[in-house]
Amino acid sequence: MPIVALIVIGAAAGFLATRLMRIEADIPTTMLIGIIGALIGGLLLRFLVTVMGWLSGFVGAVLGALLVIWVWKTYLRR
């Protein structure tokens, strides 16, 4: 099923992309453009989610540390 979905989504994406870029292409070329674009876009999106996931953990750690410092300075330091 994922291959069929890739072909259908790729064909639709290729059609939309060729129309937006004003390129005249036949149906197999349009489908190929869409499938390759779906593969590249999927890999790029997976990479960004992975990096952002790691980065969001780091940002969360820094924000947590800032909160601890604020609590320490406001309530615990005399």
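For the reader, a short list of remarks on this structure follows.
- Surface accessible to a 1.4 Å probe, per residue, for the residues of the chain, Å²: 86 Å²
- Each Lys or Arg adds one and each Asp or Glu subtracts one; over the other residues with Cβ under 12 Å from the Cβ of residue 18, this totals 0.
- Degrees separating the helix 27-71 axis from the principal Cα axis of the chain, which is the longest one: 0 degrees
- Considering only Cα atoms, the convex hull volume of the chain works out to 116 Å³ per residue.
- Heavy-atom accessible surface of the chain: percent carbon and sulfur, 1.4 Å: 79 percent
- Taking the helices alone, the chain has a mean residue ellipticity at 222 nm of -30000 deg cm²/dmol, built from -39,500 (n - 2.57) per DSSP H run of at least 4 residues and averaged over all its residues.
- Between the helical axis of 2-20 and the longest alpha-carbon principal axis of the chain there is an angle of about 80 degrees.
- About its Cα centre, the dipole of the chain is roughly 700 debye, where the only charges are +1 on Lys and Arg Cβ and -1 on Asp and Glu Cβ.
- The chain - percent relative contact order, Cα under 8 Å, separation 6 or more: 27 percent
The values are calculated or read from the model by the stated rules, or taken from the named source; none is laboratory data. Since we're looking at a predicted model, the values are computed, not measured. Reconstructed Cβ throughout: ideal geometry from the backbone, glycine too, with neighbour counts over all protein chains shown. Ligands, DNA and RNA are excluded from the accessible area calculation, which covers all protein heavy atoms including side chains. Shrake-Rupley method; radii C 1.70, N 1.55, O 1.52, S 1.80 Å.
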